[in-house]
Amino acid sequence: MRLSRFFLPILRDDPKEAEIVSHRLMLRAGMIRQSSAGIYSWLPLGYRVLRKIEQIVREEQDRAGALELLMPTIQSADLWRESGRYDDYGKEMLRIEDRHERDMLYGPTNEELITAIFRDGVKSYKDLPRILYHIQWKFRDEIRPRFGVMRGREFLMKDSYSFDLTQDDARKSYNRMFVAYLRTFARMGLKSIPMAAETGPIGGDLSHEFIILADTGESEVYCHKDYLAMEPPGEDLDYDSDLGPLVRAWTGQYAATSEMHDAARFEADVSEADRVTARGIEVGHIFFFGTKYSEPMGAKVQGPDGELIPVEMGSYGIGVSRLVGAIIEASHDEAGIVWPPSVAPFDIGLINLKAGDADTDAACETFYTELQKAGFDVLYDDRDDRAGTKFAAMDLIGLPWQVIVGPKSLKAGEVELKERATGARHSLTFDSALTKLT
Ligand code: ATP
Ligand code: MG
Ligand code: MG
Ligand code: MG
């Protein structure tokens, strides 16, 4: 992509409305624009990142055996009357009336809709287990939308739903999602900690929030410091094997959000030197809720003896759009964003320090082609602008690598390769730069 043809409305000054660094940087880097409170347009640079995150989430869901579908954003109120939640949900639900005066709503979540789909499609225990998911926009009329995409009103969520015959089986589905979440967040360069979360009326231990530590997080969290050093499972993990030991290893030490925090237990179980008290961002939440929806909505399957059994269900959310902000909170410096390579909007920024100079232009064109041929997504700054402006823009948008090309270094047969994360710069031939990048 040539920057001269791209849409990158960078802001020079800090926008006043942004209270936290990720919101500030997303606005400055031309990633998003607010259209009304808590509702954003995703501009090309931001949308690229959103799609990369979405794709990682999708790959890890698929790997864990979940099946993707797509449900609509607008739902019928009648469905929510079946579960009894239409009246309970309160003001966070955006209620809409269509031209026939039918009550509709913009979905804040999809338990009812997926239960109805399942109910109509599955009749026998032989078709279990199943995990279905979609990645779709949600609307919650948050009382205080803030921090940009971190607490929006319209936001992109991945939500999965598991269906099992027994609670024992449901725990296996839960474990699949638990492990998939560890891998998902790690692939985005994040250290996520599964923390015990509120389970609601059913009780039990099957509810975890996946938390990223960050000073600007809205939750107060408490955990053992060992979690910070734990390595997530690798790609070779067999999801059909017993995941129990892995999940137990990740839940063996104390980790709780403020709602579940037990100060006495924290102090008894964790030595003072190992206690971490911090703030955190909820990027995911997994939850077993048994027959809460299947019972009232009649989602039953025929069991081995012919009797009708309501399915045991769980739901598993990931804040896909919130993650864009969370990753920036975890990875930035004075100059701007520092994207982990897996979610970066482009792999490399190619900077032409003297656009208009025939030799420099020609060299840059060659490098641009070569880098793309090697499989990189390149943003080529071919604009006629000051070097300082170009450096600042490239640092702000945080691509992992910069290839800097000017007449002086070209005369020496070299380019400059800069690694955004460390700031390390190397002068070397283009071929050596290419070798270093691949
Ligand atoms: P929170 O406690 O932050 O309000 P929640 O517990 O209400 O979140 P869930 O119902 O568990 O959210 O939804 C699953 C995921 O969706 C959350 O873990 C979070 O990452 C994301 N999410 C929830 N609300 C928002 C929002 N207003 N803006 C962006 N992402 C959100
Ligand atoms: Mg909420
Ligand atoms: Mg929450
Ligand atoms: Mg939650």
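Among the residues of region 288-295, is any touching a residue at least 40 places away in the same chain (Cβ under 8 Å) and small (Gly, Ala, Ser)? Checking region 288-295: at least one residue is touching a residue at least 40 places away in the same chain (Cβ under 8 Å) and small (Gly, Ala, Ser). The single condition among (1) closer than 19 Å to Ala180 by Cα; (2) more than 24 Å from the chain's Cα centre (by Cα) that Ala273 does not satisfy is (1).
Hey, does region 234-248 have a residue that's assigned to a strand (DSSP E or B), on the phi < 0 side of the Ramachandran plot and out of contact with any Lys or Arg (no Cβ under 8 Å at 6 or more places or on another chain)? No; the residues of region 234-248 include none that is assigned to a strand (DSSP E or B), on the phi < 0 side of the Ramachandran plot and out of contact with any Lys or Arg (no Cβ under 8 Å at 6 or more places or on another chain).
Output the qualifying pairs, or none if there are none: Cβ atoms under 6 angstrom, residues six or more apart or on different chains, first residue in region 257-269 and under 11 Å from Cys223 (Cα atoms), second residue of a type in the set (Phe, Trp, Tyr). Note: pairs meeting the criteria are His261/Tyr222; Phe266/Tyr222; Phe266/Tyr254; Asp269/Tyr254. Within region 301-327, if we keep just the residues that are without any contact (Cβ under 8 Å) to a residue 40 or more places away in the chain and not hydrophobic (A, V, I, L, M, F, W, C), the residue that is surrounded by the most Cβ atoms within 10 Å (Cβ to Cβ) turns out to be Pro310. Looking at (1) loosely packed, with under 13 Cβ neighbours inside 10 Å; (2) of a type in the set (Gly, Ala, Ser); (3) within 16 Å of ligand 3 (Cβ to nearest atom), which is the only condition Ser271 fails? Evaluating Ser271 over (1) loosely packed, with under 13 Cβ neighbours inside 10 Å; (2) of a type in the set (Gly, Ala, Ser); (3) within 16 Å of ligand 3 (Cβ to nearest atom) leaves (3) as the failure. Taken together, Ile286, Ile281, Ile348, Ile318 contain a single residue that is within 16 Å of ligand 3 (Cβ to nearest atom) and in contact with a Pro (Cβ under 9 Å, 6 or more places away or on another chain), which is Ile286.
Of the strands (runs of 3 or more DSSP E) lying entirely inside region 353-426, those carrying at least 2 residues that are β-branched (Val, Ile, Thr) are 401-405.
Output yes when any residue across region 328-335 is more than 17 Å from Met31 (Cβ to Cβ), touching a residue at least 40 places away in the same chain (Cβ under 8 Å) and charged (D, E, K, R), and no when none is. No, that holds for no residue.
Within region 404-438, the set of residues being surrounded by 17 or more Cβ atoms within 10 Å (Cβ to Cβ), among the small types (Gly, Ala, Ser) and under 18 Å from Pro341 (Cβ atoms) comprises just one member, Ala433.
Any read-out appearing in this document is the output of simple, stated calculations on the displayed coordinates, not a laboratory observation. Here the structure is a predicted model, which means the values were calculated and not measured. Cβ sites come from the backbone with ideal geometry, for glycine too, and all protein chains shown count toward neighbours.
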